[in-house]
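So the structure is just underneath, and the comments pick up after that.
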Amino acid sequence: MGTHRNSGLLYQPPVIGLLSRHVLVVLLSLVVINLTIYGSVGGYDFVSYDDPSYVSENPHVLNGITWAGIVWASTTREAANWHPLTWLSHMLDVQFFGPKPEMHHVTNVLFHTINSCLLFWLLWRMTEALGRSAFVAGLFAAHPLQVESVAWIAERKNVLSTLFALLALCAYVVYVRNPSRVRYACVMFLFAFGLMAKPMLVTLPFVMMLLDWWPLQRVSLPLFTAAQRPLLGKLLWEKTPLFVLSMASAIITFTVQHRAGAVQSLNAIPFRLRLFNAAISYVAYLGKTAWPAKLGLSYPFPTEIAVWKVVSSVLFLAIFTILVFRSATRRPYLATGWFWYVGTLVPVIGLVQVGDQAMADRYGYIPLIGVFLLTAWGLTELVSEWRFDRRVLPAAAVFVILLCALTARAQVQYWKNDLVLWQHALAIGDNPVAHVHVGNALLADGKAEEAMAHYSEALRTRPNFDLALDNLGIVLLNQGRFREALVPLKKAVLVNPSYAHAQNDLGVALERDGKIDEAIVHYSEAVRLDHDFSVAHVNLAKLLATHGRVDEAIPEYLEASRLKPDDAVPHYDLGIIFSNKNDIRRAISEFDTALRLNPGYADAQRALNILRNSGSRQ
């Protein structure tokens, strides 16, 4: 097997003149495509799925950039991930634009647009194939599978990490052309930043090895000849610092996810089932790429998988991989594209199962680049011998991108709000997670009975679904049926003892049932599990104060006021406590703060007047 050669254009300066104008046209077109697809998201709401924990109800993020926030972002296990740069990006959005969702959406679109342009630039600089590079970037920008990563605020980590990944690859190409320690350090820093935005990038050094094969042509087949072995060893040694970063990120991520309870045990999902689902998912992502229909936010993990699906998926993957190997010398782009797809999906394919989803559209954000790449180069070669007007192929490429853009624009509309998003998920298929979120949206709209019907339906298909149990208990609590609420809430805590909200809600039900000591236990557990849970701090403090444990209540109120500085209730309650302790100065200060936060707070105004009048009489 001989070596493959293009023209070595990687090592030549880019062509200028007419080609430069074409490049500018491509970049401008990518910007227009993204604005056309995502131009409406600036008017969309937060959704209830992860957006509250990432932005809308996260006190650290809502405070903007602070030193305490930076420390928290660097050390927290919130959202079962270690991605400090993602947290800082959300904090910066709040710092500059406030807590409303508009600009958070716009920032995601900006990152996706930059990513599209960077991908085009990277491929064009490596191959000088302007048309094919533009087609890959156009598919990346416009494909409907990318919508979830862009329209969902909580998926900032996806678009941000990809930004650093593409910058790292661009820096790598510069380093390959003119190696130096400074250029290599740039690659390392950009890669490290990417890992701190989302650890899925652990496979990026593997992608660099693929690019070394094609199109950079730093190594050729057969790999293990006397001539190639030293080159291969040198390239592996060159990537060692990057592999070390990947390993460190993987260890940190697994530890954080395991401690946060996000990693599913083998008892919950057997490894055999995970393997079967992984094989099917590899093919399913390709199917959704070719025919992007029935795209939803949540694809529940199946309880059973048909053997024929597994066998057919494995056969397809094996046959395609063999064909890629057999054509590796003549068509090296197939190997790069295919193994880019296969390799970058490994961290999220479900062998280490995090969460309860079988697959997710957002996981294809980077892997699909490999599919787009082999498609662009493969189709170009396939039709190169056909006799037709040369304008037909570019016209067909433009048509495909426009078709993707129209489909993606329609998909974007489902992200307007919670109800629209989750009703669409239910339209795709029965889904307990979607039932719960539709119920939440209905409950927020005052339709409690309809919400209960959806929670009950979720529990019919998944009887131990902790989220549905907790939300059903909340509805019953709101209706004053606290003893009935105890049943689902106790089960929710039994199923998932680390579920802080269920612990708090069970505390509420127990308190209303007069079981004060038990309620304190569960409020305390909620605070222990989630120290940033301000509502649980207030509930615990009120109960402690009411039952004479005032000195224990004060720090809980202080923590609640720190976590939620715009909440007047902790300050009013602290005012009452200090008033009863005859600490008039601090009591007046707390009542003043409560009134500043809520000028219509009549109880605080009344208490403040009483204190001031008694002080003037003295």
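The values are calculated or read from the model by the stated rules, or taken from the named source; none is laboratory data. Please read all numbers here as calculations on a predicted model, not as lab measurements. Cβ: placed from backbone, ideal geometry, glycine included. Neighbour counts: every protein chain shown.
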inquiry  = Would you confirm, using the coordinates I've provided, whether Phe243 is touching a strand residue (DSSP E or B) at 6+ places or on another chain (Cβ under 9 Å) and surrounded by fewer than 18 Cβ atoms within 10 Å (Cβ to Cβ)?
reply    = no
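Checking the condition modelled with pLDDT of 95 or more and either of a type in the set (Asp, Glu) or surrounded by 14 or more Cβ atoms within 10 Å (Cβ to Cβ) (or both), which residue from Ala560, Ala541 passes?
Values: Ala560 fails: modelled with pLDDT of 95 or more.
One residue alone meets the criteria, Ala541.
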query = Do we find that Val150 is surrounded by 24 or more Cβ atoms within 10 Å (Cβ to Cβ), assigned to a helix (DSSP H, G or I) and either modelled with pLDDT of 95 or more or among the polar types (S, T, N, Q) (or both) in this structure?
reply = yes
task = For segment 406-424, enumerate the residues that are polar (S, T, N, Q) and assigned to a helix (DSSP H, G or I).
result = Thr407, Gln411, Gln413, Gln423
message = Taking the conditions exactly as written (surrounded by 16 or more Cβ atoms within 10 Å (Cβ to Cβ), farther than 22 Å from Glu511 by Cα and either touching a Phe, Trp or Tyr at 6+ places or on another chain (Cβ under 7 Å) or at pLDDT below 95 (or both)), does Gly575 satisfy them or not?
response = yes
ask   = So Pro302 fits all but one of (1) farther than 14 Å from Leu145 by Cα; (2) part of a helix (DSSP H, G or I); what number is the exception?
value = (2)
request  = Kindly indicate which of Glu525, Glu556, Glu552, Glu518 is in contact with a Leu (Cβ under 6 Å, 6 or more places away or on another chain), of a type in the set (Asp, Glu) and closer than 19 Å to Asn496 by Cα.
outcome  = Glu518
ask   = If only one of Ala68, Ala79 is part of a helix (DSSP H, G or I), within 14 Å of Ala154 (Cβ to Cβ) and at pLDDT below 95, which one is it?
value = Ala79
task = Name the one entry in Leu406, Leu402, Leu393, Leu443 that is surrounded by fewer than 22 Cβ atoms within 10 Å (Cβ to Cβ) and in contact with a Ser or Thr (Cβ under 8 Å, 6 or more places away or on another chain).
result = Leu393
query = Would it be correct to say that Ala427 is within 20 Å of Tyr299 (Cα to Cα) and surrounded by fewer than 16 Cβ atoms within 10 Å (Cβ to Cβ)?
reply = yes
query = Considering segment 305-342 alone, what residues qualify as being of a type in the set (S, T, N, Q) and not in a helix (DSSP H, G or I)?
reply = Ser327, Thr329
message = I need every pair where a residue in segment 276-288 that is aliphatic (A, V, I, L, M) has its Cβ under 6 Å from the Cβ of a residue that is assigned to a helix (DSSP H, G or I) and buried (at least 20 other Cβ atoms within 10 Å of the Cβ), sequence separation at least 6 or different chains.
response = Ala279/Ser313; Ile280/Ser313; Val283/Ser313
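Residues are listed down the side, and each one gets a yes or a no for (1) part of a loop (DSSP other than H, G, I, E, B); (2) without any contact (Cβ under 8 Å) to a residue 12 or more places away in the chain:
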position	(1), (2)
Ile369	no, no
Phe372	no, no
Ala376	no, no
Ser384	yes, yes
Ala396	no, yes
Phe399	no, yes
Cys404	no, no
request  = Answer yes or no as to whether His90 is farther than 30 Å from Leu139 by Cα, crowded, with 20+ Cβ neighbours inside 10 Å and touching a helix residue (DSSP H, G or I) at 6+ places or on another chain (Cβ under 6 Å).
outcome  = no
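Conditions (1) farther than 22 Å from Lys239 by Cβ; (2) not hydrophobic (A, V, I, L, M, F, W, C), marked per residue:
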| site | (1), (2) |
| --- | --- |
| Met126 | no, no |
| Ala134 | yes, no |
| Phe140 | yes, no |
| Ser149 | yes, yes |
| Trp152 | yes, no |
| Val159 | yes, no |
| Ala168 | no, no |
| Val182 | no, no |
message = If I filter segment 116-130 for residues that are under 19 Å from the mean Cα position of the chain (by Cα), surrounded by 22 or more Cβ atoms within 10 Å (Cβ to Cβ), more than 27 Å from Glu57 (Cβ to Cβ) and of a type in the set (S, T, N, Q), do I get at least one hit?
response = yes
note = Asn58: passes all of (1) farther than 26 Å from Gly296 by Cα; (2) at pLDDT below 95 but (1)
message = Taking the criterion of being surrounded by fewer than 16 Cβ atoms within 10 Å (Cβ to Cβ), more than 29 Å from the chain's Cα centre (by Cα) and not in a helix (DSSP H, G or I), would at least one residue in segment 488-506 satisfy it?
response = no
note = Those residues of segment 425-450 that are part of a helix (DSSP H, G or I) and in contact with an Asp or Glu (Cβ under 9 Å, 6 or more places away or on another chain) come to a total of 11
Residue identified as at pLDDT 95 or above, surrounded by 13 or more Cβ atoms within 10 Å (Cβ to Cβ) and over 20 Å from the mean Cα position of the chain (by Cα) among Ile305, Ile269, Ile280 = Ile280
Only one of Thr289, Thr336 that is within 25 Å of Ala410 (Cβ to Cβ) and in contact with a Leu (Cβ under 9 Å, 6 or more places away or on another chain) = Thr289
request  = Name the helices (runs of 4 or more DSSP H) wholly inside segment 514-618 in which the number of residues that are under 27 Å from Leu62 (Cα atoms) is 3 or more.
outcome  = 516-529, 534-546, 550-563, 569-580, 584-597
query = Restricting attention to segment 20-38, does a residue exist that is surrounded by fewer than 17 Cβ atoms within 10 Å (Cβ to Cβ), in a loop (DSSP other than H, G, I, E, B) and touching a residue at least 24 places away in the same chain (Cβ under 8 Å)?
reply = no
